[in-house]
Structure formats: C-alpha cells, structure tokens
1. Show the residue pairs meeting these rules: Cβ distance below 9 Å; 6+ apart or different chains; first residue within region 92-106 and under 14 Å from Ala49 (Cα atoms) and outside any loop (DSSP other than H, G, I, E, B); second residue polar (S, T, N, Q) and open to solvent by less than 60 Å² (accessible area, probe 1.4 Å).
2. Output the residues belonging to region 10-49 that are small (Gly, Ala, Ser) and more than 18 Å from Phe76 (Cα to Cα).
3. Identify all residues within region 1-12 that are among the hydrophobic types (A, V, I, L, M, F, W, C) and under 15 Å from the mean Cα position of the chain (by Cα); write none if there are none.
4. Tell me yes or no: at least one residue of region 67-86 is part of a loop (DSSP other than H, G, I, E, B) and not small (Gly, Ala, Ser).
5. Please go through region 21-68 and pick out each residue that is open to solvent by 40 Å² or more (accessible area, probe 1.4 Å), under 14 Å from the mean Cα position of the chain (by Cα) and over 25 Å from Phe83 (Cβ atoms).
6. Please find, within region 2-20, the residue that is surrounded by the most Cβ atoms within 10 Å (Cβ to Cβ) out of those that are of a type in the set (A, V, I, L, M) and modelled with pLDDT of 95 or more.
7. Looking at region 110-118, can you tell me whether even one residue there is within 13 Å of the chain's Cα centre (by Cα), under 21 Å from Gly14 (Cβ atoms), part of a loop (DSSP other than H, G, I, E, B) and among the hydrophobic types (A, V, I, L, M, F, W, C)?
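The values are calculated or read from the model by the stated rules, or taken from the named source; none is laboratory data. Since this is a predicted model, take the numbers as computed values, not measurements. Here the Cβ positions follow ideal geometry from the backbone for every residue, glycine too, while neighbour counts run over all protein chains shown. Note: accessible area is taken over every heavy atom of the protein model, side chains too, but ligands, DNA and RNA are not part of it. Shrake-Rupley method; radii C 1.70, N 1.55, O 1.52, S 1.80 Å.
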Amino acid sequence: MTVIETKNAPGAIGPYSQGFEVNGFVYTSGQIPVNPENGAVEEGIAAQAEQSCKNVGAILEAAGSGFDKVFKTTCFLADMGDFAEFNKVYEKYFVSKPARSCVAVKSLPKGVLCEIEAIAVK
C-alpha cells in the first residue's frame with residue numbers, strides 16, 4: 001500500500017489520508033470543495049462541485065492516474081435539489097462515465113454542499 005499525498009488537494013482534517021494506491025488501484029478519500037491554496041469554500045453547488053472535482057483530480061494525478069481511469073465514484077449531496085446542476089459539472093471531469101452512487105446526506109464537513117470520492121486504475 002502506498003499513501004498518496006499532494007499539496008494540490010486539501011490536507012486531511014482528521015485521521016485519514018488523501019488516498020491510497022493498492023495493487024494498481026487508486027482510492028481517494030472523499031473530497032470536499034476546499035481550495036487547497038487558501039482553505040476557502042466558494043458559494044453555490046456549481047463552484048463547489050468544480051472544486052471537489054479538481055481536488056479528486058489532483059489526488060489521481062499524484063497517484064499517476066486520471067479521470068479517464070476512474071471506474072467508480074461515490075457522491076454526497078447536502079440537497080438532492082442540486083442533483084442536475086452537480087451533474088453538469090461532474091460530467092465535464094468524469095469522462096469515463098464511471099459507475100456511481102449519489103446520495104443525499106444530512107450534512108457534510110464544513111457545511112459544504114457536496115463531496116466526491118473515486119476509485120481508479122493506475
């Protein structure tokens with residue numbers, strides 16, 4: 001197992017890693033829309049989905065993978081009313097159209113509107 005770490009995605013805010021590479025597979029931790037440069041979170045689902053995708057992408061890149069190699073994602077939304085707008089951003093990044101679960105949750109860390117985790121091949 002190899003820990004994946006990059007300064008291009010937010011650091012872990014708890015006892016976990018940004019991701020792991022295991023036997024040629026990359027597993028990312030859930031990525032919320034925190035800008036790794038300044039810790040800011042923008043308003044609105046589109047901006048937050050964009051940043052969450054960028055954060056996942058940074059971890060994939062650090063592992064030697066990419067969006068085109070993702071085969072499974074799990075997405076968490078604070079409000080299913082944001083589903084359509086979230087999808088508009090998501091589809092720009094996850095071009096492989098991976099298998100996906102998308103669920104509404106009561107709340108997310110830092111009060112954000114979305115979180116995305118991914119599994120990819122290296």
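1. Correct list of pairs: Cys102/Thr73; Cys102/Thr74; Cys102/Asn87.
2. The answer is Gly11, Gly14, Ser17, Gly24, Gly39, Ala40.
3. Ile4, Ala9, Ala12
4. yes
5. Pro36, Glu61, Ala62
6. So the first thing to find is which residues in region 2-20 are of a type in the set (A, V, I, L, M), and the list is 3-4, 9, 12-13.
Going one step further and asking which of them are modelled with pLDDT of 95 or more, we end up with 3-4, 9.
Details: Val3: 10, Ile4: 22, Ala9: 26.
If we take residues in region 2-20 being of a type in the set (A, V, I, L, M) and modelled with pLDDT of 95 or more, then Ala9 is surrounded by the most Cβ atoms within 10 Å (Cβ to Cβ).
7. From region 110-118, those within 13 Å of the chain's Cα centre (by Cα) are 112-118; that's our starting set.
From the residues that got through so far, the ones that are under 21 Å from Gly14 (Cβ atoms) too are 112-118.
Those still in the list that are part of a loop (DSSP other than H, G, I, E, B) too: 112-113.
If we keep only those that are among the hydrophobic types (A, V, I, L, M, F, W, C) as well, we get 112-113.
Yes - at least one qualifying residue is present in region 110-118.
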